[in-house]
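A quick write-up on the structure given underneath.
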Amino acid sequence: MLDAKLFRSELEQTAARLKQTRNYSLDVAQLDQLEQQRKALQVRTESLQAERNASAKSVGQAKARGEDISDLLASVNDLGDQLEAAKAELNDVQETLHSIIAGVPNIPDSGVPLGADENENQEISRWGQPRQFDFVIKDHVDVAQGLQNGMNFDQGVKLAGARFVVLQGQIARLHRALSQFMLDLHTEQHGYSEAYVPYLVNQDTLFGTGQLPKFGEDLFHVQGATENATALSLIPTAEVPLTNLWRDEIADEAQLPLQYAAHTPCFRSEAGSHGRDTRGLIRQHQFDKVELVCLTRPEDSMNALETLTGHAERVLQLLELPYRKVLLCTGDMGFGSCKTYDLEVWIPSQEKYREISSCSNMGDFQARRMQARFRRKGANKPELMHTLNGSGLAVGRTLVALLENFQQADGSVSIPAALQPYLAGKAQLSAG
RNA sequence: GGAGAGAUGGCAGAGUCCGGUUUAAUGCACCUGACUUGAAAUCAGGCGUGGUUUUGCGACCACCGGGGGUUCGAAUCCCUCUCUCUCCGCCA
């Protein structure tokens, strides 16, 4: 959520900036009118409340002195009705305002290139060389089929439906090894503290990170067993529970930066993705991810984004997977982000780099929604922190990249050295 | 699943029966100042969050788990939801 002040004192500039960067149209006239109503109604409501408080107090005092209070009561008779009406009106206006403001995306950092869509993203760097194969390569689905059919989409369909998979045998083991490897790397070498978190979260939590109110259709919602059970939703990323750890909390400045890593499944409805990436493991309703979250002081967040992205890159480097780092343009960035790097891994069968990590600095956008704050040493007012998150990495897609990039002519798959300890020292998965 | 008890400011903890100078006592923590070479101790003062309004000082409003109600007035009474704890039952 943007600072409400931007909609009051800098409405025109804010609208222009949102249009320029996000192609987001703010109804300036409507907002301006609502804001004027809000102001008038709020002043009126509060002065009525003050009046009510004062009269209630004098009633109390008169009564304490044993005086007759019927005159006093008569004089405040219609106050309640007036107040109630004013409150109701104010409430309406504020709800309308809030619902508009809660749906406005973050304003990108000035360093982010302007652009309409992914075609105008900026490649920052490349690491590694896509391998030259001297045989006809298979995609990961066929590679896995050669490995005792360890990736079974028919079984996924049978058990759950389209975009679900069952992994078995050495593929399942590889999948587990990858997440363990990533989590160990980040906790042991990059200073993240490991967390195990709920996979189902409530609506406040989803609002905090920005999934609600606008993106509810991207989630799976779970109806509790009882009629009025709390509405819960499956997390689309561990960013949601991890960042919300500090919702409605005030950290000491010395506690920052806070760094959390968690390995969780992620659930996405993929509404609107029909027909995209239908083959293979690239786009599933359920996938595992090791997520990194960092909470910082405002002045530290841009550096922290570089550091955090570096941590995700380190996974790819250790796994010897060629990738490129892309700075997303304003039009391609997520709703709450002010700056995002995507890491894209080389997928040989597609001869393309595909997203495997997205690292974002959300600025104070999420922190304002969830009132995640910190107090500077000596300062009295708490201040919003900045929140960052990044995949380190998406496990399923890493599995895909590994199978494809390290496939051998005989159908086996070699294992990068860094990962071998997690596979009982095996240097390859053998076909058969 | 059954029975009971609770939820108060960063923490602890009074107030709730019997609604009214309680915009919440007190203690701890924290901040400022005094004393001290410095620190500790002591003393004095300050010290919640959000919001509105104001050039500023300030004034005002809301918040005692969430929501609703009764009332001139609610931390206090009523309804409801959520959560926590204790005991019993069941259980990975």
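The values are calculated or read from the model by the stated rules, or taken from the named source; none is laboratory data. Note that this is a predicted model, so its numbers are computed, not measured. All Cβ positions, glycine included, derive from the backbone under ideal geometry; neighbour counts span all protein chains shown. Calculation scope for accessible area: heavy atoms of the full protein, side chains included, ligands and nucleic acids excluded. Shrake-Rupley method; radii C 1.70, N 1.55, O 1.52, S 1.80 Å.
Among the residues of the range A:11-26, write down those that are away from RNA strand B (no atom under 14 Å from the Cβ), open to solvent by less than 80 Å² (accessible area, probe 1.4 Å) and over 15 Å from A:His98 (Cβ atoms).
Of everything in the range A:11-26, those that are away from RNA strand B (no atom under 14 Å from the Cβ), open to solvent by less than 80 Å² (accessible area, probe 1.4 Å) and over 15 Å from A:His98 (Cβ atoms) turn out to be A:Thr14, A:Ala15, A:Ala16, A:Arg17, A:Leu18, A:Thr21, A:Arg22, A:Tyr24.
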Subject >> Within the range A:75-98, tally of residues that are open to solvent by 60 Å² or more (accessible area, probe 1.4 Å), near RNA strand B (Cβ under 9 Å from one of its atoms) and modelled with pLDDT under 85 >> reply: 2
**OP:** Under 8 Å between Cβ atoms, at least 6 apart or on separate chains: pull out the pairs that start in the range A:21-32 with a residue that is on the phi < 0 side of the Ramachandran plot and end on any residue that is exposed (fewer than 12 other Cβ atoms within 10 Å of the Cβ).
**Re:** A:Thr21/A:Leu114; A:Val28/A:Glu12
Subject >> Residues of the range A:78-115 that turn out to be in contact (Cβ under 8 Å) with a residue 24 or more places away in the chain and closer than 26 Å to A:Phe207 by Cα, as a count >> reply: 19
Original post:
Which condition breaks for A:Ile101 when tested against (1) open to solvent by less than 70 Å² (accessible area, probe 1.4 Å); (2) assigned to a loop (DSSP other than H, G, I, E, B)?
Top reply: (2)
**OP:** Answer yes or no: is there a residue in the range A:222-232 that is buried (at least 18 other Cβ atoms within 10 Å of the Cβ), in the same structural domain as A:Asp139 (by TED's automatic domain parsing), farther than 27 Å from A:Thr96 by Cβ and within 16 Å of RNA strand B (Cβ to nearest atom).
**Re:** yes
**OP:** Would you list the strands (runs of 3 or more DSSP E) that sit entirely within the range A:216-326 and hold 1 or more residues that are under 18 Å from the mean Cα position of the chain (by Cα)?
**Re:** A:232-234, A:258-267, A:286-296
**OP:** Scan the range A:53-63 for residues that are near RNA strand B (Cβ under 6 Å from one of its atoms) and open to solvent by less than 90 Å² (accessible area, probe 1.4 Å) and jot them down.
**Re:** A:Asn53, A:Ser55, A:Ala56, A:Val59, A:Gly60
**OP:** Return yes when A:Leu399 is closer than 24 Å to A:Ala261 by Cβ, part of a helix (DSSP H, G or I) and open to solvent by less than 10 Å² (accessible area, probe 1.4 Å) and no when it is not.
**Re:** yes
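Just checking, does the range A:371-383 include any residue being at pLDDT 95 or above, out of contact with any Ser or Thr (no Cβ under 7 Å at 6 or more places or on another chain) and farther than 21 Å from A:Thr21 by Cβ?
Scanning the range A:371-383, I find no residue that is at pLDDT 95 or above, out of contact with any Ser or Thr (no Cβ under 7 Å at 6 or more places or on another chain) and farther than 21 Å from A:Thr21 by Cβ, so the answer is no.
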**OP:** Hey, can you tell me all the residues within the range A:342-378 that are part of a strand (DSSP E or B) and open to solvent by 50 Å² or more (accessible area, probe 1.4 Å)?
**Re:** A:Lys352, A:Glu355, A:Arg373, A:Arg375
**OP:** Residues being within 12 Å of RNA strand B (Cβ to nearest atom) and farther than 16 Å from A:Val240 by Cα: count how many of those fall in the range A:346-384.
**Re:** 12
Original post:
If a residue has to be closer than 21 Å to A:Leu429 by Cβ, part of a loop (DSSP other than H, G, I, E, B) and open to solvent by less than 70 Å² (accessible area, probe 1.4 Å) to count, how many in the range A:150-203 make the cut?
Top reply: 2
Original post:
Do any residues in the range A:33-49 that are open to solvent by 100 Å² or more (accessible area, probe 1.4 Å) have Cβ atoms under 7 Å from those of residues that are near RNA strand B (Cβ under 9 Å from one of its atoms) and modelled with pLDDT under 90, where the two are at least six apart or on different chains, and which pairs are they?
Top reply: none
